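The values are calculated or read from the model by the stated rules, or taken from the named source; none is laboratory data. Just so we're clear, the structure is a prediction, and the values are computed from it rather than from any experiment. Cβ sites come from the backbone with ideal geometry, for glycine too, and all protein chains shown count toward neighbours.
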Amino acid sequence: MHERAARGNSRHWQGWKVSLALHALLGSAVLFTLWRVPLPDSSQLFNTRMTGPQDEFCVTICEEPVHKMRPQAAPPPQLLPEKVIEPLPTLPELSGPDKHVQPAEMIEPKSASHDNSPSGSGSNGGNNFRSHENHLPVPVSARSVVFVLDRSASMGIGNKMEIARREILATLARMSSSSRFQVVVYNRQAEMVRINGHTGMAVVTERNLQELWNFLSDLTPEGGNDNLRALREAISLQPDVICLLSDADELTSAEVRTITNWNHGLSSIHAVTIGAAPREMMQLLAKLNRGACKMIDAR
C-alpha cells in the first residue's frame, strides 16, 4: 500500500512540473511579444468625433486635458454704405462771394450782320468765324468742350437762337485747332450734331465749324425741354468743359443733385441764360461743378 501511494505522489509532482513549464513558456512568449511590438499612443485609445453642418465637437479620453470646440457667434451683417451726395447749400451761401460763380451780366450782343453766314459778310464770305465777340465763360485753352443748346419753343422768340448760335461759333473759332467739340441740342429729346457723318467729339477746323453753322442755322425751336436728358448726354462724353445755354431756368434741386452726382467733378459745367436772369438752381449747378453762371441779354 505504501508503494502505491508513493507512485501516486510521483505522478502528481510530474503534472505540476509540466504545468509550470508550460506557464513559463507562455509567459516568455507574452514578454517577447510586448518587447517587439510598440504600444499604441495612449492619447488615441479612445477618440470620438462628432461633426455637424455648423459646428464640431471633439472629446479625447487620455491623460491629456480635454479640448472642446464650440461654434462662435456670427458677427452682425455689415450694412452697405449709402452713396454720399454733397448736400445742397442753403440759399444765403449763394449770395456770398464765390470765385466759381460770376454774377449775372447784361451783355449786349452785336447787332450788325445778322445773316446766316459765319463770316458775317454774306453767304459767300470767307468763313471768318472770328468776326463776332464771344461772351461765353469757356476758356479758349480748353482741350474739349460740349455745348448743351436749348431748342425748345421759347428759344424761337426774338433772336435767342441766333445769339446762342453766334456765341458758340465765336467761342470755337478762338480755340486751338487741336481742341475737340460737340453740341447737344435738345427739347424733350436730345441729339448730338452729326459732323462728317459722325456723332461724338469733332476737331475744331474751318470745315467742321462751317458744317456746325449750317446745322444750327436750319434748327427749328419747338416743344418743351428736358435739361436732365441733355446734360446726361454731355457728361457721357467726359469733356473738360460743358456749357449749358438756355432761356429758361427750370432746374430743380433734385436735378442739380443728380447732374452733380453724374458728373463726379470730371467736367466744369457753366450755365448761361439768354434773355433772363439765372435763378438759384442755375447758379447752384455752376457752383457745385466748378463753373460760372452768367446771363446774355437778348435785346
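Of the residues in region 240-289, how many are part of a loop (DSSP other than H, G, I, E, B) and surrounded by fewer than 17 Cβ atoms within 10 Å (Cβ to Cβ)? I'd like the intermediate steps shown before the answer.
Keep residues of region 240-289 that are part of a loop (DSSP other than H, G, I, E, B), which gives 240, 247-252, 264-267, 275-279, 289.
Now restrict to residues that are surrounded by fewer than 17 Cβ atoms within 10 Å (Cβ to Cβ): 250, 252, 264-266, 277, 279.
Residues flagged as part of a loop (DSSP other than H, G, I, E, B) and surrounded by fewer than 17 Cβ atoms within 10 Å (Cβ to Cβ) within region 240-289 amount to 7.
Would region 239-249 turn up any residue that is at pLDDT 95 or above, among the β-branched types (Val, Ile, Thr) and under 27 Å from Gly158 (Cα atoms)?
yes
For Asp226, state whether it is of a type outside the set (Phe, Trp, Tyr) and closer than 20 Å to Ser236 by Cβ.
Working: of a type outside the set (Phe, Trp, Tyr): yes; closer than 20 Å to Ser236 by Cβ: yes.
Judged against the criteria, Asp226 is a match.
If you scan region 163-177, which residues turn out to be assigned to a helix (DSSP H, G or I) and farther than 15 Å from Glu211 by Cβ?
From region 163-177, those assigned to a helix (DSSP H, G or I) are 163-173; that's our starting set.
Of everything in region 163-177, those that are assigned to a helix (DSSP H, G or I) and farther than 15 Å from Glu211 by Cβ turn out to be Ile163, Ala164, Arg166, Glu167, Ala170, Thr171.
Going residue by residue through region 142-156, is there one that turns out to be over 36 Å from the mean Cα position of the chain (by Cα), modelled with pLDDT of 90 or more and either not aliphatic (A, V, I, L, M) or not in a loop (DSSP other than H, G, I, E, B) (or both)?
Pass one, region 142-156, residues over 36 Å from the mean Cα position of the chain (by Cα): 156.
From what's left, modelled with pLDDT of 90 or more: 156.
Subset that is either not aliphatic (A, V, I, L, M) or not in a loop (DSSP other than H, G, I, E, B) (or both): 156.
Yes, some residue in region 142-156 is over 36 Å from the mean Cα position of the chain (by Cα), modelled with pLDDT of 90 or more and either not aliphatic (A, V, I, L, M) or not in a loop (DSSP other than H, G, I, E, B) (or both).
With the requirement that a residue be under 28 Å from Ser141 (Cβ atoms) and touching a residue at least 12 places away in the same chain (Cβ under 8 Å), what does region 252-267 give you?
We begin by selecting, within region 252-267, every residue under 28 Å from Ser141 (Cβ atoms); these are 256, 259-267.
Val256, Ile259, Thr260, Asn261, Trp262, Asn263, Gly265, Leu266, Ser267 - these are the residues of region 252-267 that are under 28 Å from Ser141 (Cβ atoms) and touching a residue at least 12 places away in the same chain (Cβ under 8 Å).
Being touching a residue at least 60 places away in the same chain (Cβ under 8 Å) and under 19 Å from Ala234 (Cα atoms) is the filter here; which residues of region 268-299 pass it? Can you show your working first?
So the first thing to find is which residues in region 268-299 are touching a residue at least 60 places away in the same chain (Cβ under 8 Å), and the list is 270, 272-275, 277-278, 280, 283-284, 286-288, 290-299.
His270, Val272, Thr273, Gln283, Leu284, Ala286, Lys287, Leu288, Arg290, Gly291, Ala292, Cys293, listed by residue number.
Looking at (1) small (Gly, Ala, Ser); (2) in contact with a Lys or Arg (Cβ under 6 Å, 6 or more places away or on another chain); (3) crowded, with 16+ Cβ neighbours inside 10 Å, which one does Gly223 not meet, given that it meets all the others?
(3)
Which ones in region 178-228 are touching a helix residue (DSSP H, G or I) at 6+ places or on another chain (Cβ under 9 Å), closer than 17 Å to Ala142 by Cβ and part of a loop (DSSP other than H, G, I, E, B)?
Ser179, Val204
Looking only at region 150-159, which residues are touching a Gly at 6+ places or on another chain (Cβ under 7 Å) and either of a type in the set (A, V, I, L, M) or crowded, with 22+ Cβ neighbours inside 10 Å (or both)?
Matches in region 150-159: Ala153 only.
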